[in-house]
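Trainee: One structure is given below, represented as C-alpha cells, and several questions about it will come after.
The values are calculated or read from the model by the stated rules, or taken from the named source; none is laboratory data. These numbers come from a predicted model, not from an experiment. Every residue, glycine as well, gets a Cβ built from its backbone with ideal geometry; the counts of neighbours run over all protein chains shown. These area figures cover heavy atoms from the full protein model, side chains too; ligands, DNA and RNA do not enter into them. Shrake-Rupley method; radii C 1.70, N 1.55, O 1.52, S 1.80 Å.
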Amino acid sequence: MTKYAKDEFDQVPQNTSRQGVHRDAQETPRPTLWPVLTVGAVALVLGLVAFLVLPNLGLVAPGAASSITTPAPQQTSTAPSAAPTESSAPSASSEPSGEPSAEVTPSESPSATPSAAPVDKTTPVAVYNGAGTAGLAGRVAGLVQGDGWVLSTVGNWGGLPQQTSVIFYNAPAQKSNAEALGTLLGIQNIVETPEVQQPLVVVAGPGFQ
C-alpha cells in the first residue's frame, strides 16, 4: 500500500466498465483484401480464356469482327490446258471382256446376183465383110449358121471403115447373144449402139482369122 492519502481517483465504482481516460482504445478494423484479390484473379483468368480460346472456337467479339479483313479471292485460270493429261487417255485393260464379241459370220445363203440372160439363137444375125477380102462374109456366115444361129443379111460393110472385127448390138437384152457370138468367132470388140437397125451385126474386119 502507498503512503499517499486517498483522493477521488482511488474510489473504484462497482461498475466494471471503464470510463474517461481509463477507457481502452478500440482497434480500428482493417479492410480485408482477399475479396479484391479473388475478383482480380478471376478477371485475369477470364481475360486469358477470351484471348486464347475463343478465337480458336470461332467466337469473336462484335467489336473485333469489323477489324478482320476478308482475303481477296484468288483468280483461277479458266483456259483449258493445252497438253492432255495422262488421266484423259483411255486405259488399256488387259483383262478380257466377259461378254463374247459380236462376230460377223458369213451368210450361208448365196447372195442374189443377177443371172445372165440366156442366149437366144433365134435372134437374127447380120454378117458383113469389112476387110475387103473376097468371100470373107460368106465364110463368117457359115460359122454362125453352123452354130445354130439364124442369119438375116450377108454382104459387104457400107459403114465407117473398121480397123478390126467388131460385133454391134442395139439393146441391153442382146448383150448375152453378142458375147456368145464373140466367143464363137474370136471377136473381143463388142459394142452397144442404137444406130444399127438389126439386133446383132457382125463386121469381120482386117486380120480376121
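Trainee: Considering only residues that are assigned to a helix (DSSP H, G or I) and open to solvent by 30 Å² or more (accessible area, probe 1.4 Å), look in region 181-203 and name the one that is farthest from GLY146 (Cα to Cα). Can you show your working first?
Mentor: Of the residues in region 181-203, the ones assigned to a helix (DSSP H, G or I) are 181-185.
Add one more test, that the residue is open to solvent by 30 Å² or more (accessible area, probe 1.4 Å), and what stays is 183-184.
On the way: THR183: 14, LEU184: 11 Å.
Filtering first and then ranking leaves THR183.
Trainee: Got a sec? Which of GLN209, GLN162 is out of contact with any Leu (no Cβ under 6 Å at 6 or more places or on another chain) and open to solvent by 50 Å² or more (accessible area, probe 1.4 Å)?
Mentor: From the options GLN209, GLN162, the qualifying one is GLN209.
Trainee: Select from region 143-157 the residues that are assigned to a helix (DSSP H, G or I) and farther than 14 Å from VAL119 by Cα and write down the one among them that is least open to solvent (accessible area, probe 1.4 Å). It would help to see each step written out before you state the result.
Mentor: In the first step, residues of region 143-157 are kept if they are assigned to a helix (DSSP H, G or I); the result is 143-146.
From what's left, farther than 14 Å from VAL119 by Cα: 143, 145-146.
Values: LEU143: 85, GLN145: 116, GLY146: 69 Å².
For region 143-157, the residue satisfying everything is GLY146.
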